[in-house]
Amino acid sequence: ENIVARVFDASADTLVSDFLACLPLSRVDPELWKPAPVSNSSVGYLATQALRLLNQFTFPNQRAIYDQLNAAIKSADLPPIYLDAAGARDFRERFGESNRRFLHQYLGRIGSDLGGRKYSDAERDDLYSRIQALKTQRNDGRTLDD
């Protein structure tokens, strides 16, 4: 009874306002709630692969090097999409029953869609195909510039 569950919509910038709506405040000064600089930004597919490899080691200035690597790759990187649209749909269906219970119990809603998707099925399939092409290029011994 003390839990207020909210569905986070990754395609909208409403996280702070959704959080504030849960607080029993009569007046909120918007200046107090300006977003802080991003300290844990998302990394793309290529950066994730590089960081996954580097995480096997410990070395000086590791975090700073990670940040520099991510910044260098960011303009050529793709979002980390690991499932095509059909795979993502299967994943959502796999957890559909628990999502239905969560929505009903904590949000008082009927359904199983928790939202949060950033990409349409067509966009997801395109990104997934491009990532698969990168893997194929790597496995064929070619570089991304070839």
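Test Arg124 against the criterion of being in contact with a helix residue (DSSP H, G or I) (Cβ under 9 Å, 6 or more places away or on another chain) and closer than 30 Å to Asn2 by Cα, and give yes or no.
no
All but one of (1) under 18 Å from the mean Cα position of the chain (by Cα); (2) assigned to a helix (DSSP H, G or I) hold for Val43; state the number of the condition that does not hold.
(2)
Of everything in the range 104-114, what is part of a helix (DSSP H, G or I) and touching a residue at least 12 places away in the same chain (Cβ under 8 Å)? Give them in sequence order.
Tyr106, Leu107
Considering (1) closer than 30 Å to Val16 by Cβ; (2) part of a loop (DSSP other than H, G, I, E, B); (3) modelled with pLDDT of 85 or more, say which one Arg117 fails and leave the rest.
With (1) closer than 30 Å to Val16 by Cβ; (2) part of a loop (DSSP other than H, G, I, E, B); (3) modelled with pLDDT of 85 or more applied to Arg117, the lone miss is (3).
Being assigned to a helix (DSSP H, G or I) and either of a type outside the set (D, E, K, R) or open to solvent by 60 Å² or more (accessible area, probe 1.4 Å) (or both) is the requirement here; does Leu51 meet it?
yes
Looking only at the range 85-108, filter to residues that are more than 29 Å from Asp126 (Cα to Cα) and surrounded by 12 or more Cβ atoms within 10 Å (Cβ to Cβ); which one of those is farthest from the chain's Cα centre (by Cα)?
His104
Check Asp67 against each of (1) of a type in the set (Asp, Glu); (2) part of a loop (DSSP other than H, G, I, E, B); (3) over 21 Å from Asp9 (Cβ atoms) and name the one condition it does not meet.
(2)
Of the residues that make up the range 28-43, is at least one under 30 Å from Arg130 (Cα atoms) and modelled with pLDDT of 75 or more?
Yes, that holds for at least one residue.
Just name the residue that is nearest to Phe8 (Cα to Cα) out of those in the range 109-140 that are open to solvent by 60 Å² or more (accessible area, probe 1.4 Å) and in contact with a Pro (Cβ under 8 Å, 6 or more places away or on another chain).
Restricting to residues being open to solvent by 60 Å² or more (accessible area, probe 1.4 Å) and in contact with a Pro (Cβ under 8 Å, 6 or more places away or on another chain), the top hit is Lys118.
The values are calculated or read from the model by the stated rules, or taken from the named source; none is laboratory data. On a predicted model such as this, the values are computed, not experimentally measured, just so you know. In this analysis, Cβ positions are derived from the backbone assuming ideal geometry, glycine residues included, and neighbour counts consider all displayed protein chains. Quick note on the areas: whole protein, heavy atoms, side chains included, nothing else; ligands and nucleic acids left out. Shrake-Rupley method; radii C 1.70, N 1.55, O 1.52, S 1.80 Å.
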